[in-house]
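What follows is a set of notes on a single structure, which appears directly below.
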Amino acid sequence: MKNYILQTSDGRCLSKDLDWTTDIASNNLFKSQYQDIALNQLIELNAKDIDLRAKIVSCEFDSAGKLIRPDQCSTAA
């Protein structure tokens, strides 16, 4: 199932706790089935940190919520 995550330019991903993590295979990643929800979260984070350089990335997850192929993630917006 395709989901959208947020990723910084240095490869860290947003967790459900709204912290940046390098553990991309974690079940604790912030992810959304909808790109507009991910975009709204990105806008909120940018409002708090204007120097943040992050992007929305589209990735495939299995039914258990695990990332299937991290190398296959592509920029969505």
Checklist outcome for this item: If we keep only residues of the stretch 66-77 that are among the small types (Gly, Ala, Ser) and surrounded by 10 or more Cβ atoms within 10 Å (Cβ to Cβ), then the residue modelled with the lowest pLDDT is Ala77
Checklist entry - Of all residues in the stretch 39-58 being part of a helix (DSSP H, G or I) and polar (S, T, N, Q), which is farthest from Tyr4 (Cα to Cα)? => result Asn46
Next on the checklist: So, Leu6, is that one of a type outside the set (D, E, K, R) and assigned to a strand (DSSP E or B) or not?
Outcome noted: yes
Checklist entry - Applying the selection to the stretch 48-65, what residues are farther than 18 Å from Ser9 by Cβ and either surrounded by 11 or more Cβ atoms within 10 Å (Cβ to Cβ) or aliphatic (A, V, I, L, M) (or both)? => result Glu60, Phe61, Ala64, Gly65
Checklist entry - Do you know which residues across the stretch 11-38 are in a loop (DSSP other than H, G, I, E, B), surrounded by fewer than 19 Cβ atoms within 10 Å (Cβ to Cβ) and modelled with pLDDT of 90 or more? => result Arg12, Lys16, Asp17, Leu18, Asp19, Gln33, Tyr34
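The values are calculated or read from the model by the stated rules, or taken from the named source; none is laboratory data. Given the structure is predicted, the values throughout are model-derived calculations rather than measurements. A quick note on method: Cβ atoms are made from the backbone with ideal geometry, for glycine too, and the neighbour counts reach across all protein chains shown.
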